[in-house]
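Before any comments, here is the structure.
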Amino acid sequence: MAVLEEDPAPVPAADSTSGASDDEITVEETSFVHTEPPQDGTAPPVVTSDLEVLNDKVKKQVIKEGHGKKPSRFATCFVHYRAWVQGSSHKFEDTWQEQHPIELVLGKEKKEMTGLGIGVSNMRSGERALLHVNWELGYGKEGSFSFPNVPPMADLVYEVELIGFDDVKEGKARSDMTVEERIEAADRRKIEGNEYFKEKKFEEAMQQYEMAIAYMGDDFMFQLFGKYRDMALAVKNPCHLNMAACLIKLKRFDEAIAQCTIVLSEDENNVKALFRRGKARAELGQTESAREDFLKAKKYSPEDKEIQRELRSLAEQDKALYQKQKELYKGLFGPRPEPKPKASNFLVLFWRWLVSLIGYLVKLFKRKDE
């Protein structure tokens with residue numbers, strides 16, 4: 001059963017994988033839900049849904065429906081997007097590839113993102129859409145200095161996903177928040193993600209975890225030391241681990257490995273990260289790497305039954321593979337042939353027979369003479 005931990009007290013690394021730290025997800029179920037991550041093509045996706053006119057310069061086509069309400073003015077939105085010049089296959093920006101969502105405060109976005117902001121304001125959390133933006137609400141008459149592929153007066157196409165938004169701070173950007181406010185906002189998202197996970201809404205849970213992680217960007221973490229860094233990691237690392245739990249459920253094992261590796265870069269002996277990375281690697285057939293992770297996890301949590309079970313499973317797989325290979329080779333080469341008498345043995349027997357024959361003939365002639 002998949003459960004959430006309720007004990008707020010920190011748990012030593014030597015404890016079971018099901019008890020690493022507060023609010024981390026424990027995954028024991030084997031059922032999976034299939035979903036597809038966003039396409040990673042060089043050209044905009046082909047979308048057949050109706051074209052919705054948001055205003056005379058911005059149009060939207062839904063790729064995947066979202067949930068909940070739409071963000072209000074001054075909401076802080078977290079989005080992933082890819083951008084192309086209309087009619088071109090030249091992608092000039094991709095936040096998915098950079099693995100960092102952007103923060104967009106509606107009504108306070110940069111001038112060149114005005115059209116994107118209008119589109120995002122008409123989306124719901126989790127929604128993915130294709131936006132068609134007129135050049136006047138994009139990079140304008142001048143085009144883009146930062147992106148040479150964007151010429152003057154270029155209409156734009158965005159593939160956008162609204163991960164989620166935060167109305168609480170009324171448009172207060174992350175950069176304007178105190179350390180405590182950012183950690184509090186991230187922790188709130190983590191708790192909401194855990195609620196979605198309990199309801200088996202894994203996509204929605206991941207959106208909340210990703211928003212929480214967005215509050216803890218690399219630039220922010222780099223500036224933290226001592227207790228503030230520890231406070232931030234106490235929220236950030238469980239979000240990465242819970243993301244990995246969701247990704248394992250969704251059979252997106254490579255992404256799960258990446259989330260666990262982020263945690264291990266901060267805490268190389270994290271039992272839960274080792275265990276989940278081992279499970280994802282085992283699912284991908286990376287048996288030796290999986291075994292290494294499980295053995296290291298067992299070193300710090302020797303009594304954990306889940307780790308022991310996974311190691312036994314790998315051993316059984318090895319044994320089954322050995323038997324299969326044995327049968328395969330047996331079928332290829334057939335049964336072992338019986339050994340044939342050596343030539344030297346045949347000559348010895350023939351020589352003995354010949355000597356016996358000559359001796360018999362000699363005796364026979366002697367009897368005749370007598």
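A compact table of results
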item: FRET efficiency estimate (nearest 0.05) - Cβ-Cβ, LYS324 to GLU268, R0 30 angstrom; result: 0.25
item: Accessible surface of VAL105 - all protein chains present, 1.4 Å probe, nearest 10 Å²; result: 20 Å²
item: For region 75-158, accessible area per residue (1.4 Å probe, heavy atoms of protein chains only), Å²; result: 44 Å²
item: Surface accessible to a 1.4 Å probe, ARG312 within the full protein complex, Å²; result: 130 Å²
item: Ranking by accessible area, most exposed first, for LYS324, LYS298 with a 1.4 Å probe; result: LYS324, LYS298
item: Backbone HN-Hα couplings from phi across region 241-247 [Karplus 6.51/-1.76/1.60, Hz, Gly and Pro as x]; result: 5, 6, 4, 4, 4, 5, 5
item: Tail weight of P(r) past 17 Å, computed on alpha-carbon pairs of region 42-171, percent; result: 55 percent
item: Neighbour net charge for LEU311 - beta-carbon separation under 9 angstrom, K R +1, D E -1; result: +3
item: Heavy atoms of HIS100 accessible to a 1.4 Å probe, total area in Å² rounded to 10; result: 100 Å²
item: Paired Rg and Dmax values of region 276-319, which use every Cα atom, in angstrom; result: 9.4, 27
item: Percent carbon-and-sulfur accessible area, region 42-171, ignoring ligands, DNA and RNA, probe 1.4 Å; result: 49 percent
item: Gain on full stretching of the segment that runs from THR42 to GLU136 - 0.36 nm per residue minus C-alpha separation; result: 31.4 nm
item: Efficiency of FRET from Cβ geometry, LYS108 and GLN86, R₀ 22 Å, rounded to 0.05; result: 0.25
item: Radius 9 Å from Cβ of PHE78, net charge of other residues (Lys, Arg +1; Asp, Glu -1); result: -3
item: Built amide H within the under 5 Å cut-off of GLU127, gap 5+; result: GLY66, HIS67, LEU162
item: List ASP155, ASP254, ordered by accessible area with a 1.4 Å probe, largest first; result: ASP254, ASP155
item: Accessible-area order (highest first, 1.4 angstrom probe) of the listed residues LYS59, LYS326, LYS319, LYS190; result: LYS319, LYS326, LYS59, LYS190
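The values are calculated or read from the model by the stated rules, or taken from the named source; none is laboratory data. This structure is a prediction, so every number in the text was calculated from the model and none was measured. When we count neighbours, we look across all protein chains shown, and the Cβ atoms used for this are built from the backbone with ideal geometry, even at glycine. For accessibility, only protein heavy atoms count, side chains too; no ligands or nucleic acids. Shrake-Rupley method; radii C 1.70, N 1.55, O 1.52, S 1.80 Å.
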